[in-house]
Amino acid sequence: MKRLWSSILLILFALPIMAQQGDVVLCEGFFNPWLEEGWDVRGDNWAVWYLSNTTYAGGKAREAQMYPDFNFEGTTRLITPIVELGKYDFINFQFNHCFEATDGDLNAQIGIGISQDGETWESIWEDTLTGSVAQSQYLLTFDMQEWPSKAPQFCLYFSGDGAYVNSWYIDNIFIFASKKNKFGQIEDSDENGFVAARSHILSLKGPTAGTVTKLGTMKKSKNKFSKIVEGRKGRKK
């Protein structure tokens, strides 16, 4: 029954997910005008989250929208329910997003965080943004060996100055979980468990639509991966 329900959800989302492997342990398409049970938004003041009746991230309406006030400076998070990962060894974390920057000197970070208690957060992947990011689908793979708990919560977070940000749209969040192969291997991962060789970004819009960029080809700087997607120019406020 669990597998049947997972199959129905995957068909409903109608996403290009054939490259993923494992069981679906979390999926959220934000179809309702409220956050489902277990989801939360949290962080510094002056950042507002909506469930917007739009499709900028590339899924079906609705989607999550983060709209920071001009005075916002800090970190804000879209937080998942607890994800049970007891029998698994690694996960594929997939989401659609679109980031709209305004004109100005943007220097901000987006990323994925993990928490064992819902209060203390550790970044397991981060991307530094200097401008808009076109409608894209991210698939990020993590080896769970570095994590102390197999019942964590995750978050998608923004950290930076809201003065040069219009909106951040997020949709169709999936977590696929699986076990390692018979040799107990996946690929080399960094100290946070991030497996660059298995991760990629799929462009969903514009002249580069359908283009896949492998994160394994990116340069590393202090274990953080630099921005590799050139987005369209954001709307002015």
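If we keep just the residues of the range 202-217 that are under 18 Å from the mean Cα position of the chain (by Cα) and in a loop (DSSP other than H, G, I, E, B), which is modelled with the highest pLDDT?
We begin by selecting, within the range 202-217, every residue under 18 Å from the mean Cα position of the chain (by Cα); these are 202-205, 212-216.
Next, only the ones that are in a loop (DSSP other than H, G, I, E, B) stay: 204-205.
On the way: Leu204: 96, Lys205: 90.
Within the range 202-217, the match that is modelled with the highest pLDDT is Leu204.
Look at the range 49-100 and say how many of its residues are of a type in the set (Gly, Ala, Ser), closer than 20 Å to Glu126 by Cα and crowded, with 23+ Cβ neighbours inside 10 Å.
2
Of the numbered conditions (1) touching a residue at least 40 places away in the same chain (Cβ under 8 Å); (2) assigned to a loop (DSSP other than H, G, I, E, B); (3) not polar (S, T, N, Q), Glu119 satisfies every one except a single condition; which is it?
(1)
Please count how many residues of the range 101-129 are open to solvent by 20 Å² or more (accessible area, probe 1.4 Å) and within 18 Å of Leu215 (Cα to Cα).
Residues in the range 101-129 being open to solvent by 20 Å² or more (accessible area, probe 1.4 Å) and within 18 Å of Leu215 (Cα to Cα): 4 in total.
Please identify the pairs in which a residue from the range 52-63 that is modelled with pLDDT of 95 or more has its Cβ atom under 9 Å from the Cβ atom of a residue that is buried (at least 20 other Cβ atoms within 10 Å of the Cβ) and β-branched (Val, Ile, Thr), counting only partners at least 6 apart or on another chain.
Final answer for the pair search is Ala57/Ile170; Glu63/Ile170.
Confirm whether Leu140 is within 13 Å of the chain's Cα centre (by Cα), in a strand (DSSP E or B), farther than 21 Å from Lys179 by Cα and not acidic (Asp, Glu).
No: the conditions fail for Leu140.
Against the condition over 12 Å from the mean Cα position of the chain (by Cα), closer than 17 Å to Phe95 by Cβ and not in a strand (DSSP E or B), how does Lys180 come out, does it pass?
In short, no.
For the range 24-48, which positions are out of contact with any helix residue (DSSP H, G or I) (no Cβ under 9 Å at 6 or more places or on another chain), in a loop (DSSP other than H, G, I, E, B) and open to solvent by less than 70 Å² (accessible area, probe 1.4 Å)?
Phe30, Asn32, Leu35, Glu36, Gly38, Trp39
Is it the case that Val133 is among the aliphatic types (A, V, I, L, M) and surrounded by fewer than 21 Cβ atoms within 10 Å (Cβ to Cβ)?
Against the criterion (among the aliphatic types (A, V, I, L, M) and surrounded by fewer than 21 Cβ atoms within 10 Å (Cβ to Cβ)), Val133 does not qualify.
Tell me which residues, restricted to the range 143-164, are open to solvent by 30 Å² or more (accessible area, probe 1.4 Å), assigned to a strand (DSSP E or B) and within 26 Å of Gln21 (Cα to Cα).
Result: Gln153, single match.
Condition (residue is surrounded by 15 or more Cβ atoms within 10 Å (Cβ to Cβ), part of a helix (DSSP H, G or I) and modelled with pLDDT under 95) applied to the range 192-201: is it met by at least one residue?
No, because not a single residue in the range 192-201 is surrounded by 15 or more Cβ atoms within 10 Å (Cβ to Cβ), part of a helix (DSSP H, G or I) and modelled with pLDDT under 95.
So which residues in the range 49-59 are in a loop (DSSP other than H, G, I, E, B) and among the small types (Gly, Ala, Ser)?
Matches in the range 49-59: Ala57, Gly58, Gly59.
The values are calculated or read from the model by the stated rules, or taken from the named source; none is laboratory data. Predicted model only: the values in this text are computed from it and were never measured. Positions of Cβ are backbone-derived with ideal geometry, glycine not excepted, and every protein chain shown enters the neighbour counts. We work out accessible area using only protein heavy atoms, side chains counted, and drop any ligands, DNA or RNA first. Shrake-Rupley method; radii C 1.70, N 1.55, O 1.52, S 1.80 Å.
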